[in-house]
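Below you'll find the structure, written out as structure tokens, and then a few comments.
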Amino acid sequence: MTKLNVYSTNGKVSGEISASKEVFSAEPNTHIVNETLNWLLASGRQGSACAKTRAEVSGGGKKPWKQKGTGRARIGDNRAPHWRHGGVVFPPKPRDYYFSLPIKIRKAAIRIVLSGKAEAGKIKIVEKIELPAVKTKEMAKFLKNLGVENNALVVLPKISAEIHRAASNIRGVKVTECKALNVYDILKHENLVITKDSIPVIEEAFI
């Protein structure tokens, strides 16, 4: 088991929690993380780029001028790629960028990046998140006490509408739930704020 500090709402260490060594002390593997990140970004690509070939644009059908005797370059139709309103050579077409990646690899990547954050001291485990009022300034004050006000991913067992609303206007802060954790969000945010009751849910989901 790995020991992680638990912080109170005022930002001071209030105790320790035992966490799975497999999840928070995994061996680094940049290849697995890179593959998972590529898979995640590829899955989110729209792939709707489209342009027309010379066979698809309007016009053509008649030779603009005769082949010889005009002093101009020979041309077959006005849909040629070098003409205005002509077709595109090797144009992009709608496509699906998705590729499959084993779920074991995806889970391993999350364990690796979580372990990297834990080793760097970028994980703040809190007893709970209680705000005097559902206001942005109260959430900002809470994060400032933890020293993560500029960039943080707040992880909860289940999304709380109040906490989500209080954090939604803070730049660089995102609220998510344990089972929705992904490599991109973890790497994008410098710090992780995880509630104590989220630890067993994370361990169950990613072991």
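The values are calculated or read from the model by the stated rules, or taken from the named source; none is laboratory data. Because the structure is predicted, anything quoted here is derived from the model rather than measured. Here the Cβ is made from the backbone with ideal geometry for all residues, glycine too, and neighbour counts use every protein chain on show.
Here Ser18 meets each of (1) farther than 30 Å from Ile129 by Cβ; (2) free of Cβ contacts under 8 Å to residues at least 40 places away in the same chain with one exception, condition (1).
Here the condition is being in contact (Cβ under 8 Å) with a residue 60 or more places away in the chain, in contact with a Gly (Cβ under 9 Å, 6 or more places away or on another chain) and either farther than 18 Å from Gly147 by Cβ or not in a loop (DSSP other than H, G, I, E, B) (or both); of Ile202, Ile186, it holds for Ile186 alone. Looking only at the range 150-183, residues that are assigned to a loop (DSSP other than H, G, I, E, B) and among the aliphatic types (A, V, I, L, M) come to 3 in all.
Of all the listed residues (Ile129, Ile110), the sole one being closer than 26 Å to Val201 by Cα, of a type in the set (Val, Ile, Thr), in contact with a Leu (Cβ under 8 Å, 6 or more places away or on another chain) and modelled with pLDDT of 95 or more is Ile110.
If the condition is being surrounded by 12 or more Cβ atoms within 10 Å (Cβ to Cβ), in contact (Cβ under 8 Å) with a residue 24 or more places away in the chain and aliphatic (A, V, I, L, M), then the range 31-86 contributes Ile32, Val33, Leu37, Leu40, Leu41, Ala42, Ala51, Val57, Ala80. In the range 132-149, is there at least one residue being loosely packed, with under 14 Cβ neighbours inside 10 Å, within 24 Å of Val13 (Cα to Cα) and in contact with a Phe, Trp or Tyr (Cβ under 9 Å, 6 or more places away or on another chain)? So far as the range 132-149 goes, no, none of its residues is loosely packed, with under 14 Cβ neighbours inside 10 Å, within 24 Å of Val13 (Cα to Cα) and in contact with a Phe, Trp or Tyr (Cβ under 9 Å, 6 or more places away or on another chain).
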